[in-house]
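Beneath this line is the structure, given in structure tokens, with notes to follow.
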Amino acid sequence: MKKGLLKENKVLKINLLYILSILPLIIYSYYKNGFLAFHNGFMSFFPSLQYLIIPIIIIALSYVFETYYYLVIKKDEDMHNVINSVVPYTNALCYLVCGPLDRLYITIPLIIILDIIIKFIDTKFSINQIALFKCLLFVLLNLLGMYNNSNMYELNVTVNSNLTSYFIGNVVGEIGTTSILFSLIGLAILLFNKYYKKEIPIVTILSYAIVCVIIYFFTDLNFKQILINTMASGFVFATIFVAPLSVATPVVKTGTIIYSLLFGILSAIIVNATNFYLGIYILILILSLLTPLFNKFKLAIA
Amino acid sequence: MVLLKLTYEFDNDEKKLDIEKFECLDPENITIYTREGDTIYVATGDYVYINQLIKESTSGIKTYATISGKVKVEEGQIKVINDKTNSTLVSEEALDKIDDIRKDIIIKSCENLGIEYENKLIASHLKENNKLIVVNAMDIEPYQFNNNYQFQDNITALLTTLELLSNKFNVNAYLLLNKYDDNNIDAVKKVIDKYPNIIFKIIEDVYPYTTNQCVARKYFKDYTYNDILFLDTFALYKIYVALKEGLPVSERYLTVILNDAERVAVVNAKYGANIGTIIKDIIKIDTKDKDIYLNNFMRKVKCANIDSLIITDNIKTIFIMNHEEQKSSKCIKCGKCVEICPVKINPLADKLDPSCIRCGLCNYVCPANINLNNKEK
């Protein structure tokens, strides 16, 4: 006998599982960007804690903003939408794609502004908030001449960049995107969430791998270079956390598979042919905007 | 041609459930709701007999008194107060056997009594585009046992009627039973040789695979849905009674489920009897602080006041659930509703696709508790 004929609202549980999946990355980002710098004397103790405190502040601020939006703007007294909001998770992801020394007075308002933009236009388009945030932040910081992917520790020492350090994440990069290992731990947690669109990372990685094999045979790139390009580009983080963001991906199976195939194939080309790693986020942004189109593909019924 | 995907298998095997059986064949009163345009044949103070015509809808569906007593016509409803005399109108058309009734008499009998199934008059279907008869003797919706009991109680009558229809209208006749319905399957197997025109088929009980639209697509690909006369056990029984007695059927089965099938009851009750009274006084379930869902819990059709519910053809199951706030939140676009949809439409679209069979599976799998069925086609 199946128990529980009426199902409960599971969105809160789903969102908590999403947040749980990025906790290993947040903890590692504190170790990499804060603890190492503090331990080696490049940063004092309290500033080093910012990499633990800021994500908490961002998640808390997201709830405050959601409360304001639903209570004051939408005049909805029911707090259900606030509690079940996916925004704290996406905002925490936005934090992870920031540079380690990015200024808070730019990043936090940008996150809030994006929330507002998404709230008003996302009914027609499915915009991937994290990809949009990453692109805007990159452009903004470049314009201000403040773009830097190194943290305080990496600015002062020479960082070893062999395959193992790429895998662990001990390389220059955004706050939480460098570690392949911790991204994979996050993926393992996400796989417990049956609402996570696992076909996106699976199809993406397979199609990416196929294109990489073609690149290997038809170009001068060797296996190690391809592997380093892949690990250094943030492709794994984007594939696991950004591309499958359910609110900005197709709901139709065929559409989801086409979305993933395009993402895998094009990102393999971007990563290995251009070295323009921001291209991955631009690609996700474009693909998410095309989501209504992908939703028109009907699945051949089994 | 669209094929179907198997979806949810609800474990509603009767053997695993302790089903209680009740009767409500002599209610204190019955109620018949009326709509604008209905022709009403009685007035306040009239005395009516069982089987006397009370009203006819604009589409030709007729409603008869199921008890005898005094009539009270009110705004939007007619009440018959039972005088417990059990006086009934005797039909002149009562027959001993129905084996050799003419085709035109069959149509006339169904027409006279306005027998319908799924809001379509059976007589007009028999006259116009009848190429195949399919009796879907399964209880289509999860946790429903009406057809099961109806079939058990009237197996010979039903098979005889189906054989007659097949014979007289010169069309194939299919009888479908679900594979878990062991008792009825065994009973049919023993006698099916006597009915050479009936093709007996056992079908997987996977919801909503057993709905008529799905059955048509899966098993009768050579026919369009409108070519097939689909009947359930009860509609076939109505035809039988119309042919044999020349009278309408005055009672039907209703399944009542408490919580997660803690209690399952099947009630044979008179049309128009108050469901609230049946549940409280006969089945003895207290509905205070409970949520009431009609027919299919997945469709989330909630009933605000059980005391206004009466036995009709449209109410087949009542789910009485502990009160829980069923709050919905914003869609997270997980795609589970699209994945589960047996007819492969997108339930998230602003308007429901016309091919939607309103099975409610999209509601059932939605993690955000959104009622996706609650849209116009």
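The values are calculated or read from the model by the stated rules, or taken from the named source; none is laboratory data. This is a predicted model, so every value here is computed, not measured. Cβ sites come from the backbone with ideal geometry, for glycine too, and all protein chains shown count toward neighbours.
Results for (1) farther than 25 Å from A:L17 by Cα; (2) within 14 Å of chain B (Cβ to nearest Cβ), shown as yes or no for each residue.
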site	(1), (2)
A:T230	yes, no
A:F241	no, no
A:P244	no, yes
A:V247	no, yes
A:I257	no, yes
A:S260	no, yes
A:G279	yes, no
A:I282	yes, no
A:L285	no, no
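What number of residues within the range B:320-335 satisfy the criterion of being modelled with pLDDT of 90 or more and either more than 7 Å from every other protein chain (Cβ to nearest Cβ) or surrounded by fewer than 17 Cβ atoms within 10 Å (Cβ to Cβ) (or both)?
So the answer is 1.
Which residues, taken from the range A:238-280, are aromatic (F, W, Y) and more than 14 Å from the chain's Cα centre (by Cα)?
A:Y259, A:F263, A:F276
Across the range A:213-239, what is the number of residues that are more than 14 Å from A:A131 (Cβ to Cβ) and part of a helix (DSSP H, G or I)?
Qualifying residue count for the region: 17.
Answer yes if at least one residue in the range B:128-137 is of a type in the set (A, V, I, L, M), crowded, with 19+ Cβ neighbours inside 10 Å, under 25 Å from the mean Cα position of the chain (by Cα) and within 26 Å of B:V71 (Cβ to Cβ), and no otherwise.
no
I'm trying to understand the selection: among the residues of the range A:119-176, which are hydroxyl-bearing (S, T, Y) and part of a loop (DSSP other than H, G, I, E, B)?
Hits for the range A:119-176 are A:T123, A:S126, A:Y147, A:S150, A:T158, A:S161.
Output yes when any residue across the range B:143-155 is more than 29 Å from B:M321 (Cα to Cα) and in contact with a helix residue (DSSP H, G or I) (Cβ under 7 Å, 6 or more places away or on another chain), and no when none is.
yes
Restricting to the range B:46-90, name every residue that is buried (at least 17 other Cβ atoms within 10 Å of the Cβ) and small (G, A, S).
B:A65, B:S68, B:G69
Kindly establish whether B:N374 is over 30 Å from B:S250 (Cα atoms) and more than 12 Å from chain A (Cβ to nearest Cβ).
Answer is yes for this residue.
Given A:S161, A:S85, which one is under 17 Å from A:V64 (Cα atoms), of a type in the set (S, T, Y) and not assigned by TED's automatic domain parsing to the domain that holds A:T291?
Exactly one residue qualifies, and that residue is A:S85.
Name, by its number, the condition in (1) part of a loop (DSSP other than H, G, I, E, B); (2) modelled with pLDDT under 80; (3) surrounded by fewer than 15 Cβ atoms within 10 Å (Cβ to Cβ) that does not hold for B:K15.
Here B:K15 clears every test but (1).
If I filter the range A:28-47 down to residues being polar (S, T, N, Q) and within 23 Å of the chain's Cα centre (by Cα), which single residue comes out as farthest from the other protein chains (Cβ to nearest Cβ)?
Only one residue tops the list, namely A:N33.
Would you check which residues across the range A:36-73 are more than 26 Å from A:Y18 (Cα to Cα) and part of a loop (DSSP other than H, G, I, E, B) and list them?
Selection gives A:N40, A:G41, A:F42, A:M43, A:S44.
Results for (1) surrounded by fewer than 20 Cβ atoms within 10 Å (Cβ to Cβ); (2) within 11 Å of chain B (Cβ to nearest Cβ); (3) closer than 30 Å to B:L361 by Cα, shown as yes or no for each residue.
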{"position": "A:K10", "(1), (2), (3)": "no, yes, yes"}
{"position": "A:I26", "(1), (2), (3)": "no, no, no"}
{"position": "A:I53", "(1), (2), (3)": "yes, no, no"}
{"position": "A:D78", "(1), (2), (3)": "yes, yes, yes"}
{"position": "A:N84", "(1), (2), (3)": "no, yes, yes"}
{"position": "A:A92", "(1), (2), (3)": "no, no, no"}
{"position": "A:Y95", "(1), (2), (3)": "no, no, no"}
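Could you say which residue among A:N148, A:N142, A:N156, A:N162 is more than 19 Å from the chain's Cα centre (by Cα), surrounded by fewer than 16 Cβ atoms within 10 Å (Cβ to Cβ) and touching a residue at least 40 places away in the same chain (Cβ under 8 Å)?
A:N156
State which residue pairs qualify: first residue of a type outside the set (V, I, T) and inside the range B:110-133, second residue in a strand (DSSP E or B) in any location, beta carbons under 6 Å apart, and separation of 6 or more residues or different chains.
Sorted first by the residue in the range B:110-133, then by its partner, the pairs are B:G114/B:K62; B:Y117/B:L231; B:H125/B:L229; B:N130/B:L229; B:L132/B:N172; B:L132/B:I228.
Could you tell me how many of the residues in the range A:182-206 are of a type in the set (S, T, Y) and more than 18 Å from A:P250 (Cα to Cα)?
So the answer is 1.
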